[in-house]
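Read through the structure below, which is laid out as structure tokens, and then see the notes.
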Amino acid sequence: MLSKRDSTSTAFHSILTKVIVNGEVQPKDTIQREYIITKMTNLEVPKHTLNLDPRQQKSPLRSGATPSPNLPEAKHTHIHPRGSDGNENAHLRFIGTATTVLEWQGIRILTDPNFLHAGDHVHLGPGVQGTRQTNPAIDLEDLPNVDVVLLSHYHADHFDQKVEAELRRDLPIVTTPHAKECLQDKKSDDEKFTAVHDLDFWESATMNISSSGASASVPAVKVTGMPGKHVPPGPLSVANDLLSAVPPTNGWMLELGYSTDSAFNCGYRIYISGDTLLVDDLKQIPEKYTNADKPIDLMLVHLGGTTIPSPKVPLLMVTMDAQQGVKLMQLVKPDVTVPIHYDDYDVFLSPLEDFKKAVQEAGLESGVVYLDRGEGYRFGVKGE
Ligand SMILES: [Zn+2]
């Protein structure tokens, strides 16, 4: 089941060192991928259309027991730092790592499902292991109905072995082309995930939510793949493309709004960074959104300064640390930022305290909401 993850046995750091020294690898695959992505950038047509039905109440697990109708009560629910405007109609729950549940219009979107417990191990690449330090706020078995999973990349701290074994095979998953391949490349047919929708950078899927009202507009969520780089550009990236050590990753732009026959009107925009470093590609995000009259209401930023191959041999940082997280806030200028993915594994070396300090130094604390695992954030999607 974990054949892709286990296919290379050489230690990751020794592979990287070899490639830097040799420096001979041709970046053909990278060039082709960049070319295809550039070609796709201007396409507005959604690549996939999904129909989500809030009346469906199925277990997200293969075992199929009737799911509980709701998430357990939040430990605490936060609202906008400036206070309530009385129109909160959507809810985000932080479960742990990059796992969140977004609830709006009766549907639930689960991001990067990771339900391992403290002490459990994950395989993060050839020779790279991580040990979970925390427990998720709820257990996988206690999840209510989930309508769709958004998976930023195929890495075990985002889609762990327990999740992979137990999720219902026909649960819709939106993810990267690479992860789609991994989720469908199984030895036996009944292990394959059957409803996986791939998005590359700037490609979109529209998820229409069926509603009983007679209104001409229907609630919908548009999800667009955002650029992300888990490995710094340059020879390391070229090496990584060839060795498939660290998987390609997407960020996401989630636009919650209402569709009519002719238009989609966004009422709330959420940018999820994914496991990326602060790379030049991210500059396109404010160009296409913030500075193009499409403001970003909420940013979920994956922090942690994940450093591999291990905390004892910290050679290569593959997610943003505190300083990069603050720079991303300054670049993207979201109205509110919620940090996630910051302390759940021993390979996360940049603690939340560092981010808090950096936020304060930058004078940005009024735009940050800190969620502990099990806490929620309520916000209002306009246009109902
Ligand atoms: Zn991660």
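The values are calculated or read from the model by the stated rules, or taken from the named source; none is laboratory data. It should be emphasised that the depicted structure is a prediction, and the values quoted were computed from it without experimental measurement. Neighbour counts run over all protein chains shown; Cβ positions are idealised from the backbone, glycine included.
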message: With the condition being away from the ligand (no atom under 13 Å from the Cβ) and closer than 18 Å to E103 by Cα, I'd like the strands (runs of 3 or more DSSP E) fully within segment 296-384 carrying at least 1 qualifying residues.
response: 298-302, 336-340, 376-379
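Among the residues in segment 321-329, are any out of contact with any Cys (no Cβ under 8 Å at 6 or more places or on another chain), hydrophobic (A, V, I, L, M, F, W, C) and under 22 Å from Q133 (Cβ atoms)?
As a first pass, look at segment 321-329 and keep what is out of contact with any Cys (no Cβ under 8 Å at 6 or more places or on another chain): 321-329.
Next cut, hydrophobic (A, V, I, L, M, F, W, C) only: 322, 326, 328-329.
Checking which are under 22 Å from Q133 (Cβ atoms) leaves us with 322.
For segment 321-329, residues out of contact with any Cys (no Cβ under 8 Å at 6 or more places or on another chain), hydrophobic (A, V, I, L, M, F, W, C) and under 22 Å from Q133 (Cβ atoms): present.
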task: Enumerate the pairs (first residue in segment 151-164 and within 10 Å of D112 (Cβ to Cβ) and outside any helix (DSSP H, G or I); second residue anywhere and among the aromatic types (F, W, Y) and within 8 Å of the ligand (Cβ to nearest atom)) with beta-carbon separation below 8 Å, excluding pairs fewer than 6 apart on the same chain, so at least 6 apart or on different chains.
output: D157/Y345
field: Which numbered condition P113 fails, given (1) in a loop (DSSP other than H, G, I, E, B); (2) modelled with pLDDT under 95; (3) not hydroxyl-bearing (S, T, Y)
entry: (2)
- request: Give the residue that is nearest to the ligand (Cβ to nearest atom), with candidates limited to residues of segment 102-125 that are of a type in the set (V, I, T) and within 17 Å of K162 (Cβ to Cβ).
  value: V122
task: Return a yes/no flag: does segment 73-84 have any residue that is surrounded by fewer than 19 Cβ atoms within 10 Å (Cβ to Cβ), at pLDDT below 90 and not aliphatic (A, V, I, L, M).
output: no
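Test D275 against the stated conditions and say whether it is closer than 30 Å to L315 by Cα, in contact with a strand residue (DSSP E or B) (Cβ under 7 Å, 6 or more places away or on another chain) and surrounded by 22 or more Cβ atoms within 10 Å (Cβ to Cβ).
Criteria met by D275.
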message: Whether any residue in segment 124-139 is touching a Leu at 6+ places or on another chain (Cβ under 6 Å) and assigned to a loop (DSSP other than H, G, I, E, B) is what I want to check.
response: no
statement: Residue hits (segment 47-67; under 18 Å from V163 (Cα atoms) and either touching a Pro at 6+ places or on another chain (Cβ under 8 Å) or of a type outside the set (S, T, N, Q) (or both)) are K58, S59, P60, L61, R62, G64, A65, P67
query: Being at pLDDT 95 or above, crowded, with 17+ Cβ neighbours inside 10 Å, in contact with a Phe, Trp or Tyr (Cβ under 9 Å, 6 or more places away or on another chain) and not hydrophobic (A, V, I, L, M, F, W, C), is that true of even one residue in segment 116-130?
result: no
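Here is a yes/no grid of residues against (1) surrounded by 20 or more Cβ atoms within 10 Å (Cβ to Cβ); (2) part of a strand (DSSP E or B); (3) modelled with pLDDT of 95 or more:
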| site | (1), (2), (3) |
| --- | --- |
| M207 | yes, yes, yes |
| G213 | no, no, no |
| K222 | no, yes, yes |
| V231 | yes, no, no |
task: Consider L254 carefully, then state whether it is modelled with pLDDT of 95 or more and touching a helix residue (DSSP H, G or I) at 6+ places or on another chain (Cβ under 8 Å).
output: no
field: Any chance I272 is under 28 Å from G96 (Cβ atoms), more than 16 Å from the ligand (Cβ to nearest atom), β-branched (V, I, T) and modelled with pLDDT of 95 or more
entry: no
